[in-house]
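Here is the structure we will look at.
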Amino acid sequence: MLTSFNWKSEVTDLRSQLRQLAGSRAPGADDAKRDLFKKVISNMTIGIDVSSLFGEMVMCSATSDIVLKKMCYLYVGNYAKVNPDLALLTINFLQRDCKDDDPMIRGLALRSLCSLRVANLVEYLVGPLGSGLKDNNSYVRTVAVIGVVKLYHISASTCLDADFPATLKHLMLNDPDTQVVANCLSALQEIWTLESTSSEEAAKERETLVSKPVIYYLLNRIKEFSEWAQCLVLELVAKYIPSDNSEIFDIMNLLEDRLQHANGAVVLATSKVFLHLTLSMADVHQQVYERIKAPLLTQVSAGSPEQSYAVLSHLHLLVMRAPYIFSSDYKHFYCQYNEPSYVKKLKLEMLTAVANESNTYDIVTELCEYAANVDIPIARESIRAVGKIALQQYDVNAIVDRLLQFLEMEKDYVTCEALVLVKDLLRKYPQWSQDCIAVVGNISSKNVQEPKAKAALIWMLGEYSQDMPDAPYVLESLVENWDEEHSAEVRLHLLTAVMKCFFKRAPETQKALGAALAAGLADFHQDVHDRALFYYRLLQYKVSVAESVVNPPKQAVSVFADSQSSEIKDRIFDEFNSLSVIYQKPSYMFTDKEHRGTLEFSDELANLSINAEAGDSAVPAQRVEANDNDLLLSITEKEEGRDAASNGSAYSAPSYDGASATSAASQSLADLAFSSTSGSGQAPASSFAIDDLLGLDFSVGAAATPSPPPLSLNPKAVLDPGTFQQKWRQLPLSLSEDFSLSPQGVAALATSNALLRHMQSHSIHCIASGGQSPNFKFFFFAQKAESASIYLVELLINSSSAKSQIKIKADDQSTSQAFSTLFQSALSKFGTA
Amino acid sequence: MISQFFVLSQRGDNIVFRDYRGEVPKGSAEIFFRKVKFWEDGGLEEAPPVFNVDGVNYFHVKVVGLLFVATTRVNTSPSYVLELLQRIARVIKDYLGILNEDSLRKNFVLVYELLDEVIDFGYVQTTSTELLKSYVFNEPLVVDATRMPPLGPATLFAQGTKRMPGIAVTKSVVATEPGGRKREEIFVDIIEKISITFSSSGYILTSEIDGTIQMKSYLSGNPEIRLALNDDLAIGRGQGPVYGYRSSTGSGVVVLDDCNFHESVRLDSFEVDRTLSLVPPDGEFPVMNYRMTQEFKPPFRINALIEEAGAHKAEVILKVRAEFASSITANTIKVQMPLPKYTNRVSFELEPGASGQTTDFKEANKRLEWNLKKATVLVIFYSLSPVVGGCEHTLRAKLSFSQELHGNITKESGPVSMTFTIPMYNASRLQVKYLQIAKKYGTHEPYRWVRYVTQANSYVARI
């Protein structure tokens, strides 16, 4: 290759020039060297491997010229790792430079020395680092502190053996230079967080960072810190748990002026402190929202577009949590024509959230402007936003009119979005059907191509066939074009719609139904085929039963549930001022555990448990996927609980005792078998139902038994984390209960590991814990005495509300209630001793 | 904590690349650039400033067409990293005088020197141009300024609409000037961006001014500066609704919704006499940012009309009226309007005698463009038809369509948007009353430049 030849010859060329200059003391030699060094580094930057020049570069670096030295350090730092043998060559001159008279050179040399990242050289680092930490120049000390972290990453044991963390702690609390203090804090946080996975002591040390003396010491100096170090300190303060309210107000008063800082990162970090400190004081918490609103809005408009987006994402989170506080600021969330679509999307969601009785008219008018926008994705989002507002308002009069106007705009994508919305709207407000159906009836199905919209139209044709004169004929023509319909979703809906139409207008639909069933039976798509066959057999069995299954009376939907669980939302809020807010998901979903920071092992488990929950709920989701309901469920919203199942599911078995609106098969069987739902609330998982069927869930029965047999636990139970995780994943949830903690218990939580020791005294062992105030999470296990049966517990505690929740999984589910009682009685004694 | 920092050119070349922690796999710059270039829809949608690929978080800001990027694996504060990237760009600009691909390439060794001091092992050490001076030894090679567009707020503002590049002079904080002696001077720029939306009937739906007082000081000896603003300046719009305009706007009181200040600013006497005092650090920095939704007089009124003129035809009439004093001249005015998708031909008709105006129909995105600018410097002096205050310009355009009109034509076109720059004008009426330097000078009083400029951010009229 020509290019590779070229750079090879250039490297050779550079080498010979470097050799010539190496020993030269001639005037101007340094300038010549500078030029050469620049060429080398320039090659390095663009990715050409110039590591073969290592020897020559080191030879040339015997110089007093600081510019040359710095370039050489840069070069050495880049290549030492791949050339450990050559790196040894540099140790000498770097060590010498570490003792130079000029503090600048001492600092630079020390930094380069620590950046070599070569494991077999660590012995040479300890000495210079030790003296660097004691250097009388603050620049050298700042470099040395970070050097300790570098050393830790090369060889943790060397770093700990030299007792560097203790030195850093001393420096942090005593050094006059704030950058040294800030670096110590960063270094200690990193080292102790990594150490705490294996060392109890390190975990304790890490917690002392958020103790009152350290926090007050840092807060009192906050204005001396650089803006970046301020962010660091504020982040730490947000984890601090003040002992009483006056302390909270003192901290907030002290930090009040930080909200006027021009740096958005400082403002957000301060906001986080305010929000987290006041979680337990609802009134003050609300005042905090009011207080931080204006500074955050200023950051949105004054910052760079990028910064503005980061702050807007945080405002978005706040708006979603407390829309009423922002309802008079809605104009700030209007989109500007030149904003990128990721900003517009956020703003549309915010507009949707803040809409209330007084501003809905303005907001919907504005949204309708966007619907005609040249930016089609945003136009679509805007129409959806109008629909969402309609679904959350009581007075939808005007909005329905606007939606219907959309249908008349004759823009394909507008019509499609509007159809989906009208369908959702009709589910909530069936009283509007007259007006809507009149307009929908005028839409030619030929103009609707998108599957979602077409499915919506077909659903309406089936559902309201009695009010739409030509519904049977439209459906018939759709059935005739069966083969051209590529979307299985649309074909499924077509089957159901033709059925519904048939029940209402049999003579007119009979032909279409026959054709649809025939086409469906011949369909290559499994679900379509099965549904056609199912309908066919139903009809064969009894038409009235078929009708009660396919077209039972419906209730209007009252609430469309959010796509995100409130647990996830709370987690994101806990991680305010982090990427979680931008990505709109908690950190365990996008970071691996070693980079997660404060929550380590427990997060893994949390992850597992959430995955397990997701897995559970996926079962009913799949169950309804192919039935009528998937049309009814709009993309982001899933209907809550049993409503989903009661709206007429095609897959539910013919009802046994005349209950026409049964829920899905397994659940209805479960109901029959026990005539009461499982003790664990919502029971979203069909696996419960199956357990019920198999008679595995005795929780209901056990609860009914007045006195459970006394349970004793093995005080020396052992379980390794791997097994714990595996079991946690495999076992079904057998019990979930909420209860309150005593005030003493909450207070005792502040002492690290106190709870763990306390529970241990009751033979309940902690395997992982984590979280930050006010939310704590623990995983415990226990073993039944003289048995292999294991209990697994997830305990969530919110220290500000004193609420806690336990989830128990057990090998032997019959005793889980007894275990829960034992667990709670143990917990209730916490803090009282 | 960040893992890597790099600067990419528009073509994706690495100009500067620094790996601080070695935790992110090789090739991150390529992964990043591909992702940005081909964000959803094959690059039609712009990539957000923060995204995650395979566990690596990428942050980027765009500065003068360059991409400043940081990566990290930890869940850190996005605004912290984005602010940092912006600040690194500013520090580099302070040193190089002019920030562009050329100057970066010429000075990359200096840039590495800076980067080593700004960040150590991923932890930010300092971004203060002043503190950095003692650690940086390379002399900047100043790129040829004559190849840059001529100085002046207008040209510097031309890039991007939301960005606010500094408009202080483009000289390095460290470079020695020809003649050896540094010129004692200080620049204070009041930069305002206007966002406004007119309804189809011409009344104002929303309006906001986002302003910055930017400073760049070349004064020796770190003297204290006192900046006095309007003494009746009010901050915080009180308890009323934010947009509840007061009826008495003629009172002259400037009411800001909110503002924030650079950390060097002391507000000791701000409550009393609206004076800011500070010892300006080296380099360019915002003294104060402010936001105002109080009613103000918009510099331009736009009238837009579209009318059907037969089954395949329509006519557009655009009128722009400058509502400011005739002593003030606006420049680089551009009016744009999206036309119906099926428009295939447009013929324009300017007013008789119009000069310095150009019109265009952008076939690809079906957009009408109307530029009103001064073609050459000559025009300024022998002004033929610059946009001075009080004047009005009209454009008529006849549209031909490839298909028959159906539906409402006003729903198929618009809104009209406008960009402009007006030097020595500010809509908020916020003023720097005086600029006091607390230092005795001999015969040579330092130069004090206080300049105002107003720019459109989102200036939109619906039809």
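Table for the structure above
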read-out: Amide H contacts of A:Gly770 (H built 1.01 Å from N, under 5 Å, at least 5 apart or other chain); value: A:Lys777
read-out: Residue mean of other protein chain beta carbons inside 10 Å, A:338-347; value: 4
read-out: Accessible-area ranking of A:Arg384, B:Arg34, largest first, probe 1.4 Å; value: B:Arg34, A:Arg384
read-out: Residues losing 30 Å² or more accessible surface upon assembly, region B:125-139, compared with the chain by itself, 1.4 Å; value: B:Gln125, B:Tyr135, B:Phe137, B:Asn138
read-out: For residues of A:294-300, the mean tally of beta carbons on other chains within 10 Å; value: 5
read-out: Global form of region A:226-330, assessed from the alpha-carbon gyration tensor, a/c cut-off 1.5; value: oblate
read-out: Local electrostatic count at A:Cys114 - Lys and Arg +1, Asp and Glu -1, tallied over other residues with Cβ under 10 Å; value: +2
read-out: Amide H contacts of B:Ile235 (H built 1.01 Å from N, under 5 Å, at least 5 apart or other chain); value: B:Leu256
read-out: Accessible area (Å², 1.4 Å probe, nearest 10) - A:Thr193; value: 30 Å²
read-out: Sparsely packed trypsin sites (Lys or Arg not before Pro) within region A:1-85, loop by DSSP, other Cβ within 10 Å at most 16; value: A:Arg25, A:Lys81
read-out: Which listed pairs, of B:Lys193/B:Lys366; A:Lys272/B:Lys62; A:Lys388/A:Lys504; A:Lys69/B:Lys106; A:Lys272/A:Lys293, have C-alpha distances above 21 Å, in listed order; value: B:Lys193/B:Lys366; A:Lys272/B:Lys62; A:Lys388/A:Lys504
read-out: Highest to lowest packing among A:818-829, A:309-320, scored as the average C-beta count within 10 Å; value: A:309-320, A:818-829
read-out: Hz values of 3J(HN,Hα) by residue in region B:260-277 - Karplus curve (6.51, -1.76, 1.60), Gly and Pro given as x; value: 9, 10, 5, 5, 7, 7, 9, 10, 3, 10, 5, 5, 7, 10, 6, 10, 9, 10
read-out: Sparse-neighbour loop sites [chymotrypsin sites (Phe, Trp or Tyr not before Pro); region A:358-434; at most 12 other C-beta within 10 Å; DSSP]; value: A:Tyr394
read-out: Residue order for A:Met468, A:Met104 - accessible surface, 1.4 angstrom probe, largest first; value: A:Met104, A:Met468
read-out: Amide proton proximity set for B:Val450, modelled H, under 5 Å, gap of 5+; value: B:Val188
read-out: Neighbouring partner chain Cβ atoms per residue of B:257-265, average, 10 Å criterion; value: 6
read-out: Backbone HN-Hα couplings from phi across region A:735-742 [Karplus 6.51/-1.76/1.60, Hz, Gly and Pro as x]; value: 7, 9, 9, 10, 7, 9, 9, 6
read-out: Between region A:36-100 and region A:338-403, the alpha-carbon center distance in angstrom; value: 60 Å
read-out: J(HN,Hα) series, region B:313-325, from Karplus relation 6.51 cos²θ - 1.76 cosθ + 1.60, nearest Hz, glycine and proline x; value: 9, 8, 10, 10, 10, 10, 10, 10, 10, 7, 9, 10, 4
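The values are calculated or read from the model by the stated rules, or taken from the named source; none is laboratory data. Just so it is clear, the structure is predicted and the values come from calculations on it, not from any experiment. So basically every Cβ, Gly included, is an ideal-geometry build from the backbone, and we count neighbours across all protein chains shown. Side chains are part of the model used for accessible areas, which takes the heavy atoms of the whole protein and leaves out ligands, DNA and RNA. Shrake-Rupley method; radii C 1.70, N 1.55, O 1.52, S 1.80 Å.
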